[in-house]
Amino acid sequence: MSQPDFLSQAAIATLPLAVFSQADTDSVSLLSNLPIARRASLFLSVGSANQGQGRKPQVFAGLSYFFGGSTAGSITVDHSDGRTQTVTEVNKTLPVGTGFGYRFQTAMANGGEHIGSGMVQYQTDFGRYEVDFDPFHASTRPTLTASGGVVYESGAFMPARPVQDSFALVRVPGVEGVRVYSSNNLIGRTDSNGDVLVPNLLPYYGNRLSIDDRDIPMNYAVQDVEKTIAPPYRGGAFVPFGVHQIRTVTGSVRVHAGQADVIPTFGELTLAAGDKSYESPLGRGGEFYFENIPAGTYEAAVDYHDGTCRFRLEIPGGTDAVVKLGQRICSNEAPKS
């Protein structure tokens, strides 16, 4: 309900054509809308109507104000058919993700009688709850409504809000607490498995889903942060984001040649297993560095200024982000018979 910027604040008047629903019924009105501030505007409608009992004046005027954060309010005065009614309303729109919304409305007629209604909504990742009540008539019982659903997608069985259109399961593998957005609206955060369900997507239309990479630890590599999908009507889509942990292996190597140990300064260490190989340059002290190398035992070759030395190097398993192997010795001595 926020008002656009105007070059000048001038009333806008329109004169619609008379509307005839029956031969003896017609109405005509003049409409005006005047923004008085960035968040507030006045509106006025003046006219008359003939509903078969003679032409009678109609006046509708009001003030609307946008409080921010999807909350707005309005006061309107409606005079028609010889009666005047004042209506006050405050409402907060239910967010796309988890959160609450409400609407409170009260009306007062000529006789001073108050009528009104109230509604409070709360939405979670797995359900929607609503309470409707009448604040002026204690005899009217409140109405409580709860709705939800379940979704199975790509091995994940998840509670969900009512599935009305389309949905998507977003997965950030193994990373909890990552914020997920649909068209820049926050939907929720990933659970312990890295999953979050995005409900109410538009079917057969490009829906833009994204993640906030600031929530991903520094020792993870992120391949993409945004994808566009077009799911089928009342169908689901699986949207994985390319995220994996960076596991580094560090250490140093010395070559035992004859009676002395040699540091293979600025050489190269090659690890091979099957048809795969991994290379690392060696530093001044024989230091090596590998990223995302699988655990296992490798045939290692040290190439340096005095030749090549071969030995076996074991990379341990585990989930540690950094594996420190310390110093390893490669011997060029021939085995004793």
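FYI, it's all coordinate maths here, none of it is from the lab. Computed from a predicted model, the values in this text were never measured in an experiment. For neighbour counting, all protein chains shown are included, and Cβ atoms are generated from backbone atoms with ideal geometry for every residue, glycine included.
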(message) Exposed loop sites here are GluC sites (Glu not before Pro) in DSSP loop states with at most 10 other C-beta atoms within 10 Å. What is the longest stretch of the chain lacking them?
(response) 114-332
(request) Have a look at the range 248-331 and give its Rg and Dmax from the Cα atoms, expressed in angstrom. (result) 12.3, 39
(request) Take Val322, project a point 7 Å from its Cα along the Cβ direction, then tell me which residues of the range 278-311 have their backbone nitrogen under 15 Å from it. (result) 288-292
(request) Quick one: dipole size for the chain, taken about the Cα centre, charges +1 on Lys/Arg Cβ and -1 on Asp/Glu Cβ, in debye to the nearest 20. (result) 480 debye
(request) Compute the distance in nm between two label points, each set 7 Å from the Cα along the Cα-to-Cβ direction, one at Ile75 and one at Asp261. (result) 8.7 nm
(request) Output ³J(HN,Hα) for the range 93-105: one whole-Hz value per residue in order, computed from phi by the Karplus curve 6.51 cos²θ - 1.76 cosθ + 1.60 with θ = phi - 60°, and x for Gly and Pro. (result) 5, 5, x, 5, x, 6, x, 10, x, 7, 8, 10, 9
(message) Relative contact order of the chain, please, whole-number percent, based on alpha carbon pairs below 8 angstrom and at least 6 residues apart.
(response) 8 percent
(request) Could you state the orientation-averaged shadow area of the convex hull built on the Cα atoms of the chain, in nm² to one decimal? (result) 30.6 nm²
(message) Using a 10 angstrom Cβ neighbour count of at most 10 plus a DSSP loop assignment to flag exposed trypsin sites (Lys or Arg not before Pro), which longest range of the chain is free of such sites?
(response) 1-283
(request) Counting other Cβ atoms within 10 Å, keep those with at most 14, restrict to DSSP loop, and tell me which chymotrypsin sites (Phe, Trp or Tyr not before Pro) in the range 215-256 are left. (result) Tyr233
(request) Estimate the FRET efficiency between Thr98 and Ser45 by the formula 1/(1 + (r/R0)^6), using the beta-carbon distance for r and 41 Å for R0, to the nearest 0.05. (result) 0.60
(request) Determine the dipole magnitude for the range 248-331: charges of +1 sit on the beta-carbon of Lys and Arg, -1 on that of Asp and Glu, nothing else is charged, the reference point is the Cα centre, and the result goes in debye to the nearest 20. (result) 200 debye
(request) Mind jotting down a quarter of the surface of the convex hull over the alpha carbons of the range 165-244, in square nanometres, one decimal? (result) 4.5 nm²
(request) Per residue, how big is the convex hull around the C-alpha atoms of the range 210-263? Give it to me in cubic angstrom, could you? (result) 119 Å³
(request) Grab the beta carbon distance between Tyr129 and Gln53, set R0 = 41 Å, and tell me the FRET efficiency rounded to 0.05. (result) 0.35
(message) Whole-Hz ³J(HN,Hα) for each residue in the range 157-165, computed from phi via Karplus 6.51 cos²θ - 1.76 cosθ + 1.60 with θ = phi - 60°, x for glycine and proline: what do you get?
(response) 10, 10, x, 8, 6, x, 8, 9, 10
(request) For Gly177, enumerate residues with amide H under 5 Å from its amide H, sequence gap 5+ or separate chain, H modeled in the peptide plane. (result) Thr190, Asp191
(request) Using a Förster distance of 30 angstrom, determine the FRET efficiency expected from the C-beta separation of Arg38 and Tyr122, and round it to 0.05. (result) 0.50
(message) More than 15 angstrom separation, counting every C-alpha pair in the range 163-204; what % is that?
(response) 38 percent
(request) Identify the chymotrypsin sites (Phe, Trp or Tyr not before Pro) of the range 55-145 meeting these criteria: DSSP loop state and at most 16 other C-beta atoms within 10 Å of the C-beta. (result) Phe126, Phe136
(request) Would you be so kind as to identify which of Tyr152, Tyr233, Gly116 lies farthest towards the positive end of the dipole of the chain, taking Lys and Arg as +1 and Asp and Glu as -1 on Cβ and the Cα centre as origin? (result) Gly116
(message) For a quick check: with amide H placed at 1.01 Å from N, whose amide H comes under 5 Å from Val222's, ignoring anything fewer than 5 positions away on the same chain?
(response) none
(request) Please work out the Cα convex hull volume for the range 58-209 and give it in Å³ per residue. (result) 156 Å³
(message) List the aspartates and glutamates whose Cα sits under 16 Å from the Cα of Lys92, skipping any in the same chain fewer than 8 residues away.
(response) Glu130, Asp132
